[in-house]
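To start, the structure itself, in structure tokens.
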Amino acid sequence: MRQKLEKNRKNTRPPRIRVPNNEQAIFTVDNQKFIGVIKRLSLTGGSAVFTRNLIPHGTLGEMALKTVFGKVEAQIQFLHTGADGMPLTQAFRFLDMDDTSRRRFTAAAELMQREGFSDAKEERGPLDFGLSKLGESIRRLSGAVGPGRRDGAKR
């Protein structure tokens, strides 16, 4: 039993947070700065949309992001492209952050989670779950009825 708990803990990833309002960050690679729009964040990394060429997998860089708690600076490593199903989106992971940036980033992430931008399942209440299921059912039914059949009866 102990081995199973350790395995589950190891595979648990931090919740991903959808970043609202097209928040921008400044990325620096080889002393060249460029802007990316942050799409998702977690305590271990995130993804951003870039308007210029994507960065090769494994490239090291820096990121500066303004939050409501102050500026966050981090050393990052660029990962795969096509993150979140978008060709110009690239994933990255945090390698290092100073203590001040870590506190600010953690506070900002917690705030966005409380405001409902997280994919964490435990934050959903029974009403949220019920409304989600109702929405899925309505979409399925509307697809089954289709535009040519108003009453759903066969003719």
State, to one decimal in nm, how far the label point of Asp98 lies from the label point of Val68, with both points 7 Å from Cα in the Cβ direction.
2.5 nm
Please report Asp84, Asp96 as a ranked list, fewest other C-beta atoms within 10 angstrom at the top and most at the bottom.
Asp96, Asp84
With 10 angstrom as the radius, rank Ser101, Ser47 by how many other C-beta atoms surround their C-beta, starting from the fewest.
Ser101, Ser47
Using r as the Cβ-Cβ distance of Asp30 and Glu110, and R0 as 41 Å, what FRET efficiency do you calculate, to the nearest 0.05?
0.80
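Give a quick list of trypsin sites (Lys or Arg not before Pro) in region 27-129 that DSSP marks as loop, anything other than H, G, I, E or B, with at most 16 other Cβ atoms within 10 Å. The partial results should precede the final answer.
On the way: sites: Lys33, Lys39, Arg40, Arg52, Lys66, Lys71, Arg93, Arg102, Arg103, Arg104, Arg114, Lys121, Arg124; in loops: Arg52, Arg124.
Counting only loop positions with at most 16 other Cβ atoms within 10 Å, the trypsin sites (Lys or Arg not before Pro) in region 27-129 are Arg52, Arg124.
Quick one: if the Förster radius is 25 Å, what FRET efficiency do Thr59 and Met86 give, using the C-beta to C-beta distance and rounding to 0.05?
Working: r = 19 Å, r/R0 = 0.77.
After rounding, the FRET efficiency stands at 0.85.
How do 53-61, 74-82 rank on mean C-beta neighbours within 10 Å, highest first? Before the final figure, lay out each step's value.
Values: 53-61: 13.3, 74-82: 17.6.
Final packing ranking: 74-82, 53-61.
Please report Met86, Met63 as a ranked list, fewest other C-beta atoms within 10 angstrom at the top and most at the bottom. Mind dumping the intermediate values first?
Values: Met86 12, Met63 22.
With the fewest neighbours first, Met86, Met63 line up as Met86, Met63.
Taken together, the values in this text are just the output of simple stated rules run on the coordinates, not laboratory data. Values in this document were obtained by computation on a predicted structure and should not be read as measured data. Virtual Cβ from ideal backbone geometry, glycine too; neighbours counted across all protein chains shown.
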